[in-house]
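S.K.: Supplied in structure tokens, the structure appears directly below.
The values are calculated or read from the model by the stated rules, or taken from the named source; none is laboratory data. Here the structure is a predicted model, which means the values were calculated and not measured. So basically every Cβ, Gly included, is an ideal-geometry build from the backbone, and we count neighbours across all protein chains shown. For accessibility, only protein heavy atoms count, side chains too; no ligands or nucleic acids. Shrake-Rupley method; radii C 1.70, N 1.55, O 1.52, S 1.80 Å.
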Amino acid sequence: MRKSIAFSLLILAALALAACTRSVSTSPVAEETEDPIESIFSTVATQTALAAQDGIGGGEGEDGSDADAIPATSTAAPTSDASPTPSPTATRTPAPTPELSVPASYTLHEGEHPYCLARRFNIDPAALLSANGLTEANATSLSVGTTLTIPSGAGTFGDARALRSHPATYTASSTDSWYSIACAFGDVWPESIAAANGYTLDDELTSGQQLHIP
């Protein structure tokens, strides 16, 4: 009986030892399975490293600049070859209409005569001539600088004081003055013409100058 038990134990021990030996020697080594995602990242990393070594897609370019840098956008305003538009010629601002009153006496300027003053001051021309001892014959031959008396309460000139329609635009000539232009229109004061164009009587006129006649 003891021999049977011992033999049985010996057989079991031999079987166990054989099983252990076969397990150790024949057990297959588990093969590592490569993760497809890790494989993709590995491939991309490898290609990026190779491209950097060849100067493609990263690092510095041939001229030493950063190949991956975003090109700077120029903010400079485009230049234009067009000629600048000329500024409009400045015009004088009309001055307020001066307060005018008929004087007691008046000194003639170039281009003026008694009939001109009669129209301007709305005075009966016959009364003006009489107040100054003048006749129709010598009324238009008075020299510049002659002082005339302007009578008051002598009646008006009449309905035909204006010689030209106005308001109007007048082109000055080389012989014109503020006074001669006023006489050409008849019932307009030279001070009013000068003020309407932003001038005074001390300003000289030029040939071809455009004037507004109020």
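S.K.: Accessible area per residue of the stretch 105-147 at 1.4 Å probe, in Å²?
M.R.: 48
S.K.: Let me ask something else about it. Determine the shape class of the stretch 91-198: with a ≥ b ≥ c the square roots of the Cα gyration tensor eigenvalues, call it rounded for a/c under 1.5, and otherwise prolate if a/b is greater than b/c, oblate otherwise.
M.R.: It comes out prolate by the Cα gyration axes.
S.K.: For L163, which sequence-distant residues (separation of 5 or more, or a different chain) have an amide H within less than 5 Å of its own amide H, given hydrogens modelled in the peptide plane?
M.R.: For L163, the qualifying residues are G186, D187.
S.K.: May I pose another question? For I150, what residues show an amide H to amide H distance below 5 Å, using hydrogens built from the backbone and excluding near sequence neighbours?
M.R.: S105, Y106
S.K.: What is the packing order of peptides 112-124, 138-150, 171-183, taking the mean over residues of other C-beta atoms within 10 Å and listing the highest first?
M.R.: In decreasing order of mean packing, 112-124, 138-150, 171-183 become 112-124, 171-183, 138-150.
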